[in-house]
Amino acid sequence: MENLFQPSATVQTYVTVILPLALPKEYTYYVPFEMLHQIKPGIRVEVQFGKNKLYSALVYLVSDEKPDGYTPKPIVSIIDEEPIVTAKQFKFWNWMAQYYCCTTGEVMNAALPSGLKLASETKLVLSPIFDDDFTDLNDREYLIAEALTIQNELTIDEVRKIVNLKSVYHLIDSLLDKKVILIEEELKQKYKPKTVDCIRLAAPYATDNTLLRHAFEQIERATKQTEALIGFVQLSRDKKTITKKELMDFANVGASIITALAQREILEIYQKEISRLNEYDDDLQNTFPLSEQQERAIAETHEIFEHKDILLLKGVTGSGKTRVYT
């Protein structure tokens, strides 16, 4: 990125910005006269996108070219005094967006810390190291900090209402610098780990095996429960982790028997996270031998790798590409 245009009071200045969103293109805003002396590539500016949402966007280009097809909105405010992203970083972001077939906004969203990509819905919380010392805060910062001592969190829109200002990013930045607040990231876990029901001795049997005699006395008339507990003891000699299914198969008992021992507080049922990769490896080991087409694909792959570093493995769904790949 090379930007030779210099803002001038005699020429309308526009900025092309990158928003931390999956947008197919960058958008252009015009720079109000009073902000001309501060504008430069790499700084964050506050802009309105959509009807009511405000975002912190990165200035990518500064020019005098008005965009075609729409009337640009003005910048709401300037957040940074100096650039936080360099021309080399922008160049790298553009390469990443092209290589990974995504938008520059998505790269920005992944690259910048949460405190540098504020939006109307961004949630603020009090910093755990804030000691309720309000002496270094101005009146508006005090109002925000005080509100956070009453409420667990505030959105930036709520902060605007509290201080009765449209542009509050400069206040947020100041409170972040003073370590009064933190940005609360809303992480949605798309990947859910796989868990399996496991069995262990409940307290106090887990810490004192000599008490197991009392446990067997409790269930001496319940034959199946006794068999299950004996099975658990035998399995635990060789295994640290025993799944519910393993115990049921080993002792030849149903799930209700394990549940009954848990209700008696002799055994405890708990969930353990297991690796999907390990499970997948086990599945591969039990599959049928490779087909003739898969064997041929592997041989051709080895030949190609002697001359090139990259190849495309193409095949219809269910054709066995994964086994060739692994």
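The values are calculated or read from the model by the stated rules, or taken from the named source; none is laboratory data. All values derive from a computational prediction rather than experimental measurement. A quick note on method: Cβ atoms are made from the backbone with ideal geometry, for glycine too, and the neighbour counts reach across all protein chains shown.
From the list T149, T195, exactly one residue is hydroxyl-bearing (S, T, Y), modelled with pLDDT under 90 and either assigned to a helix (DSSP H, G or I) or farther than 30 Å from A251 by Cα (or both). Which is it? Outline the logic, then answer.
Values: T195 fails: either assigned to a helix (DSSP H, G or I) or farther than 30 Å from A251 by Cα (or both).
One residue alone meets the criteria, T149.
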Please go through the range 55-66 and pick out each residue that is under 35 Å from the mean Cα position of the chain (by Cα) and farther than 17 Å from P41 by Cβ. Y55
Go through the range 164-182 and report how many residues are surrounded by fewer than 17 Cβ atoms within 10 Å (Cβ to Cβ) and part of a helix (DSSP H, G or I). 2
Taking the range 213-244, which residues are surrounded by fewer than 17 Cβ atoms within 10 Å (Cβ to Cβ) and of a type in the set (S, T, N, Q)? Q218, T223, Q234, S236, T241, T243
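Does A97 satisfy the criteria of being in a strand (DSSP E or B) and under 13 Å from I18 (Cβ atoms)?
Working: in a strand (DSSP E or B): no; under 13 Å from I18 (Cβ atoms): yes.
No.
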Take the residues of the range 211-238 that are assigned to a helix (DSSP H, G or I) and within 16 Å of Q263 (Cβ to Cβ): which is farthest from the chain's Cα centre (by Cα)? Q218
Can you name every residue in the range 100-111 that is surrounded by 14 or more Cβ atoms within 10 Å (Cβ to Cβ) and part of a helix (DSSP H, G or I)? T104, G105, E106, V107, M108, N109, A111
